[in-house]
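What follows is one structure encoded as structure tokens, with my remarks underneath.
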Amino acid sequence: MTAANDQPPCRHVLGMRVDATTYDDATRRILAWAAAGAGGHVCAANVHMVMESRRRPDLAAAVAGARLVTPDGMPLVHMLRRLGVAGQPRVYGPDLTLAVLAAAAAQDIPIALYGGRPETLEILQRVYPERFPGLRIVYAESPPFRPATPAEDATTVAAIAASGARILLVGLGCPKQELWAAAHSPRLPCVILAVGAAFDFHAGTVRQAPPWMQRLALEWLYRLWREPRRLFWRYAWHNPRFAVLAAWQLLRHRRTDGS
């Protein structure tokens, strides 16, 4: 898993590819692509993404076309382990973002930010360079919540390309950010990371689950407690169905393996 130009091993969880990678491996790959101006996009996969991909062909295609799909959620980590990837760690999007920023600062690779609220981006443009001295943020944009017009989109693409950014962090929420990344990666000379809630976490505008809840795969419960109105139906609908379908996949896997 050390060669940045080779595809890492993977497993398919309910039909969606998830790559067997680590923070170090993913960071090396992303920085190598960025240095080469190779483009492409990276997704951090969780239960919500898996289940949404099952009902949305556009999202399934966006994830399938990613250069790297990391196991962001602990349920996916457990699935990869049970599907034969011994010792697979979690590669959590917000933490991977920090690892990439640290490497980008050390290698003088310019980055750009797209998404989040204006006040969040203002905070990030201050705290990221403070945390990673030498980091160059050459572009930042908080787009409107409505879809961009073709003219606005063309202006954004031209501005990002002209900025010289080689890594673009996109925080628009799933599935919007994955669809945006897949649609725009062929048009931009930078690696696009779909970072989910990383902007809010790093800016301190949204609190993360305690580490012990993350380790026990209970982060969803913490987020549901914090944002019940927004997240109740997502978790009430997706999590039970994922548990049943994942158990069925593992049962079929054991039967196929003869174990």
(message) Checking residue 112 against (1) among the small types (Gly, Ala, Ser); (2) without any contact (Cβ under 8 Å) to a residue 60 or more places away in the chain; (3) crowded, with 16+ Cβ neighbours inside 10 Å: exactly one of these is not met. Which one?
(response) (2)
(request) Looking only at the range 9-50, count how many residues are over 14 Å from the mean Cα position of the chain (by Cα), touching a residue at least 12 places away in the same chain (Cβ under 8 Å) and more than 21 Å from residue 169 (Cβ to Cβ). (result) 8
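Kindly check whether there is at least one residue in the range 63-86 that is without any contact (Cβ under 8 Å) to a residue 12 or more places away in the chain and farther than 24 Å from residue 240 by Cα.
Quick first cut of the range 63-86, residues without any contact (Cβ under 8 Å) to a residue 12 or more places away in the chain only: 81, 86.
Then drop every residue that is not farther than 24 Å from residue 240 by Cα, which leaves 86.
For the range 63-86, residues without any contact (Cβ under 8 Å) to a residue 12 or more places away in the chain and farther than 24 Å from residue 240 by Cα: present.
Looking at the range 106-122, is at least one residue part of a helix (DSSP H, G or I), over 25 Å from residue 50 (Cα atoms) and touching a strand residue (DSSP E or B) at 6+ places or on another chain (Cβ under 8 Å)? Break it down into steps so the answer makes sense when it comes.
So the first thing to find is which residues in the range 106-122 are part of a helix (DSSP H, G or I), and the list is 106-107, 118-122.
When the remaining residues are screened for being over 25 Å from residue 50 (Cα atoms), the result is 106-107, 118-122.
Checking which are touching a strand residue (DSSP E or B) at 6+ places or on another chain (Cβ under 8 Å) leaves us with 121.
Looking through the range 106-122, at least one residue is part of a helix (DSSP H, G or I), over 25 Å from residue 50 (Cα atoms) and touching a strand residue (DSSP E or B) at 6+ places or on another chain (Cβ under 8 Å).
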(message) Residue under question is residue 142, and the condition is that it be in contact (Cβ under 8 Å) with a residue 12 or more places away in the chain and crowded, with 23+ Cβ neighbours inside 10 Å; does it hold?
(response) no
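Every number in this text was worked out from the coordinates using simple rules, so none of it is lab data. Here the structure is a predicted model, which means the values were calculated and not measured. Every residue, glycine as well, gets a Cβ built from its backbone with ideal geometry; the counts of neighbours run over all protein chains shown.
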